[in-house]
1. Could we say that Leu149 is modelled with pLDDT of 95 or more and assigned to a helix (DSSP H, G or I) here?
2. Might you check whether a residue that is part of a strand (DSSP E or B) and within 12 Å of the ligand (Cβ to nearest atom) occurs anywhere in the stretch 20-39?
3. Yes or no: the stretch 93-101 includes at least one residue that is more than 14 Å from the ligand (Cβ to nearest atom), surrounded by fewer than 21 Cβ atoms within 10 Å (Cβ to Cβ) and either in a helix (DSSP H, G or I) or hydrophobic (A, V, I, L, M, F, W, C) (or both).
4. Taking Ile76, is it within 16 Å of the chain's Cα centre (by Cα) and within 11 Å of the ligand (Cβ to nearest atom)?
5. Give Arg27, Arg15 a once-over and let me know the one that is touching a Ser or Thr at 6+ places or on another chain (Cβ under 6 Å) and modelled with pLDDT of 95 or more.
6. Could you check Ala153 against (1) without any contact (Cβ under 8 Å) to a residue 40 or more places away in the chain; (2) under 22 Å from Cys20 (Cα atoms); (3) surrounded by 13 or more Cβ atoms within 10 Å (Cβ to Cβ); (4) not basic (Lys, Arg) and say which number it fails?
7. Cβ-Cβ below 6 Å, separation at least six or inter-chain, first residue in the stretch 1-19 and closer than 27 Å to Leu150 by Cβ, second of a type in the set (D, E, K, R) and modelled with pLDDT of 65 or more: which pairs?
Amino acid sequence: MTENRHSEPTPDLSRVCVFCGANPGGRDEYRESAARLGVLLARRGLELVYGGGNIGLMGVVADACLEAGGRVIGVIPESLVGREVAGAPVEHDGITRLEIVDSMHTRKARMAELSDGFIALPGGFGTFEELFEILTWAQLGFHRKPIGLLDVADYYAPLLSLCDHAVAEGFLRPEHRALLLDGKDPAALLDDLTCFQSPDLKAWVRTEREL
Ligand code: AMP
């Protein structure tokens, strides 16, 4: 990912990065949606890029994609490799390719570089952080790739409201708010990502006259 504004056109979608919880969450719908997304990616011939874990929703989306015949690339920092959760290493040893990188920062940059679009499933701080960093990079014009939020069981309703509130309060431009696509159905959200055309964005700060 370069930091040149709008250096690349909106790419065709062939690899999709999924950000999601290292925990499974407390509702069946979370696992079901993660599995549905993994299968859909495989059926549409889209490669999955993700955090390389075999735990929580990360493991669910990766396993579902692999079982449906898809390709899965994991990117994991060396500090997490070999760590164990419930007696098993956190990294997934059955995926198509596991890239081990030197830090969490490098991991995010590498996942962004590999991918043509991004989807956040329900998750915690790690997922929020990954989502907002990739949105910030879009807002700054460092890339023109589509970004979607899969709002399973209204999990993200408070976050979507916060984004609208930020617009109302003058901290977010409406056109930047619009960079975050959202939907409840994985297939429809993937369609939206596929059709997305990045707008030509103005400067990301408002001038005093606009406030
Ligand atoms: P969270 O949403 O806080 O559960 O964090 C999940 C996100 O952070 C994933 O998209 C991963 O990229 C990363 N992450 C957090 N914990 C792990 C872990 N134990 N193994 C691999 N990736 C992780």
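The values are calculated or read from the model by the stated rules, or taken from the named source; none is laboratory data. Values in this document were obtained by computation on a predicted structure and should not be read as measured data. Cβ coordinates were reconstructed from backbone atoms using ideal geometry, including for glycine residues, and neighbour counts include every protein chain displayed.
1. Answer is no for this residue.
2. No, the stretch 20-39 contains no residue that is part of a strand (DSSP E or B) and within 12 Å of the ligand (Cβ to nearest atom).
3. no
4. Criteria met by Ile76.
5. Arg15
6. Ala153 satisfies all of (1) without any contact (Cβ under 8 Å) to a residue 40 or more places away in the chain; (2) under 22 Å from Cys20 (Cα atoms); (3) surrounded by 13 or more Cβ atoms within 10 Å (Cβ to Cβ); (4) not basic (Lys, Arg) except (1).
7. Sorted first by the residue in the stretch 1-19, then by its partner, the pairs are Met1/Glu113; Thr10/Arg144; Pro11/Asp116; Leu13/Asp116; Ser14/Asp116; Arg15/Glu47; Arg15/Asp116; Phe19/Glu130.
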